[in-house]
Amino acid sequence: MSFINYASREINCKIVYYGPGLCGKTTNLQFVYQKTAPEAKGKMISLATETERTLFFDFLPLALGEIRGFKTRFHLYTVPGQVFYDASRKLILKGVDGVVFVADSQEERMDANIESLENLRFNLQEQGYDLDKIPYVVQYNKRDLPNIVTLEELRRELNPTNVPEFEACATTGEGVFETLKSVAKLILIDLKKGR
Amino acid sequence: MSYPQMVMYDEEFKQINAVIEKLLREANAKVIFLVDKNGQLISGVGETERFDTTSLASLTAGNIAATGGLAKLIGEKEFSILFHEGEKDNLHISIVGGRVILVVLFDSRSSLGLVRLRVKKASEELTVIFDRLMKKAEEKEKSSDTEFPFAEITDDDIDNLFS
Ligand SMILES: Nc1nc2c(ncn2[C@@H]2O[C@H](COP(=O)(O)OP(=O)(O)OP(=O)(O)O)[C@@H](O)[C@H]2O)c(=O)[nH]1
Ligand SMILES: [Mg+2]
């Protein structure tokens, strides 16, 4: 849940990148980190295994600028995608303002995508959130690879509710900022409604 | 949404800072932070400029969340106090009023006993302030008293953030 500080005139929002293992969540944050001006970002923290799989979370704070005199900050988190880290995923979803579901476009990862999306919906529910009501976008990642599923099929399986969706290649950065911008926008629009 | 918006107003911000500044002095601490359970820094006093406060807030919240998960697994509600002992500096982390995390960094000029004692007193004061803050936020929300900064936000405002 966002935090509005009228005393220091700041607003903080939490965005969580969710998705199956190796789909490219950490790579998304790394690209954002690389391309953001030094004054607009804090340190990126990665709590990872020795083989660079996310163990607990990645964290990247962005201070993008001001809206109506309020410093607007987004805190980007990734969850660990590997199935057995479910307890950690639940913890990271606490207080979330918006979710990016990163799907792996490769054919052999379709089952993992579907399972992870169900897991997201379930874990949100456990915290009292409804995936259909919170700011939420989908990213189809790894579009550069040869063995990928068509956009139509991805849509049918992973985006039946027609939320904003983006094709991406997180390693080159294609679609990465479009995705972030879209979810940030939904969060701010949600805030505007004042809940 | 079932979650109340976390907010902070000038009046309570000053009161909170007065409490943690007093705690800083009385506990002989180096730095004190207040962090929201979701990892957002609320305030800090002491030698804050020596630390990456944003990272510190996020990791503290992660730490509390992880130990809270452990607590549930063994049938405890939560571990309300964590203590990390370093070679020079130590961290005393505690939960205030169920929702805010108080982090006290201290070295050999202080002691765990002293910090514990002072934190206990400060926690009671902070709990009162945070309770009042929550009530105030709820009332403002109900009365839809819109000094709310984002009511008038436009698409251009949002686009400008990313330009
Ligand atoms: N070809 C290609 N490789 C990608 C793309 N995005 C990520 N990768 C690679 O996929 C691997 C896994 O990426 P990560 O970002 O670590 O995946 P993750 O989702 O964080 O994985 P977990 O931390 O285990 O949940 C890395 O080797 C990346 O370089 C992409 O768009 N195209
Ligand atoms: Mg990762």
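In the protein assembly as shown, what percentage of the DSSP-assigned beta bridges are antiparallel, given to the nearest 5?
65
Note down the nm distance, to one decimal, between modelled labels 7 Å out along Cα→Cβ at B:E78 and at A:A87.
Rounded to a tenth, the inter-label distance reads 1.7 nm.
Convex hull over the alpha-carbon atoms of the range B:42-101: what's its volume per residue in Å³?
Taking only Cα atoms, the range B:42-101 has a hull volume of 95 Å³ per residue.
Using a 10 angstrom cutoff on alpha carbons, build the Gaussian network for chain A and name the most mobile of A:D132, A:D97, A:D86.
Per the Cα network of chain A with a 10 Å cutoff, A:D132 tops the list.
If you put +1 on each Lys and Arg Cβ and -1 on each Asp and Glu Cβ, how big is the dipole of the range B:10-161 around its Cα centre, in Debye rounded to 20?
1160
With chain A treated as a Gaussian network of Cα nodes joined by springs under 10 Å, which of A:T36, A:T51, A:T150 yields the largest mean-square fluctuation?
Residue with maximal mean-square fluctuation among A:T36, A:T51, A:T150: A:T51.
Please compute the contact order of chain B in relative form: average sequence separation of alpha-carbon pairs under 8 Å and at least six residues apart, divided by the residue count, as a percent.
For chain B, the relative contact order is 25 percent.
I want the antiparallel fraction of DSSP beta bridges within chain A, as a percent rounded to 5.
45
Kindly write out, for the range A:54-62 in residue order, the coupling ³J(HN,Hα) from the Karplus curve 6.51 cos²θ - 1.76 cosθ + 1.60 (θ = phi - 60°), rounded to whole Hz, with x marking Gly and Pro.
5, 9, 10, 6, 9, 9, 9, x, 10
Please state the charge dipole magnitude for the range A:92-164, taken about the Cα centre, from unit charges on C-beta atoms (+1 on K and R, -1 on D and E), reported in debye and rounded to the nearest 20.
For the range A:92-164, the charge dipole is close to 240 debye.
Test of understanding: ordering B:S58, B:S94 by Cβ neighbours within 10 Å, fewest first, what list do you get?
B:S94, B:S58
Kindly provide the Kirkwood hydrodynamic radius of the range B:10-161 in Å, to one decimal, from all pairs of distinct alpha carbon atoms.
It is 16.9 Å.
Quick check of the Kirkwood formula: for the protein assembly as shown, what is the inverse mean of 1/r over all pairs of different Cα atoms, in Å?
That comes to 21.3 Å for the protein assembly as shown.
By DSSP, what percent of the beta bridges with both residues in the range A:39-153 are antiparallel, rounded to the nearest 5?
Around 70 percent of the beta bridges assigned by DSSP in the range A:39-153 are antiparallel ones.
Taking the Cα centre as origin and putting +1 on Lys and Arg beta-carbons and -1 on Asp and Glu beta-carbons, what dipole magnitude results for the protein assembly as shown, to the nearest 20 debye?
With Lys and Arg at +1 and Asp and Glu at -1, about 1140 debye.
What's the Cα-based Rg to Rh of the range B:79-163, Rh via Kirkwood?
1.22
Over the range A:103-195, what portion of Cα pair distances is larger than 23 Å, expressed as a whole percent?
27
Write down, largest first, the equivalent ellipsoid semi-axes of chain A in whole Å, where each equals the square root of 5 times an eigenvalue of the alpha-carbon gyration tensor.
Output for chain A: semi-axes of 26, 18, 17 Å.
Return, ordered by residue number, the residues of the range A:93-107 whose backbone nitrogen is under 18 Å from a label point located 7 Å along Cα→Cβ of A:E118.
Within reach of a label on A:E118: A:102-104.
Taking a ≥ b ≥ c as the square roots of the Cα gyration tensor eigenvalues, with a/c under 1.5 meaning rounded and otherwise prolate when a/b beats b/c, else oblate, which class fits the range A:40-153?
rounded
Averaged over peptide A:68-76, how many Cβ atoms belonging to another chain are found within 10 Å of each residue's Cβ?
So the per-residue partner count for this stretch is 3.
In whole Hz, what ³J(HN,Hα) sequence does the range A:81-90 give by Karplus (6.51, -1.76, 1.60; θ = phi - 60°), x for Gly and Pro?
So the Karplus estimates, Gly and Pro as x, are x, 4, 3, 6, 8, 4, 4, 5, 4, 4 Hz.
FRET efficiency for B:E141 and B:R116, Cβ-Cβ distance as r, R0 = 51 Å, nearest 0.05?
0.90
Taking only Cα atoms, what is the 0 to 90° angle, nearest 10, from helix A:25-35's long axis to the longest principal axis of chain A?
With both axes taken from Cα atoms, the answer is about 50 degrees.
Starting from 0 in steps of 5 Å, tell me what percent of the Cα-Cα pairs of the range B:1-91 lands in each bin.
3, 11, 17, 22, 22, 14, 8, 3, 0, 0
Read-outs: derived from the displayed coordinates by stated rules, not from any lab. None of the values given here were measured: they were computed from a predicted structure. For neighbour counting, all protein chains shown are included, and Cβ atoms are generated from backbone atoms with ideal geometry for every residue, glycine included.
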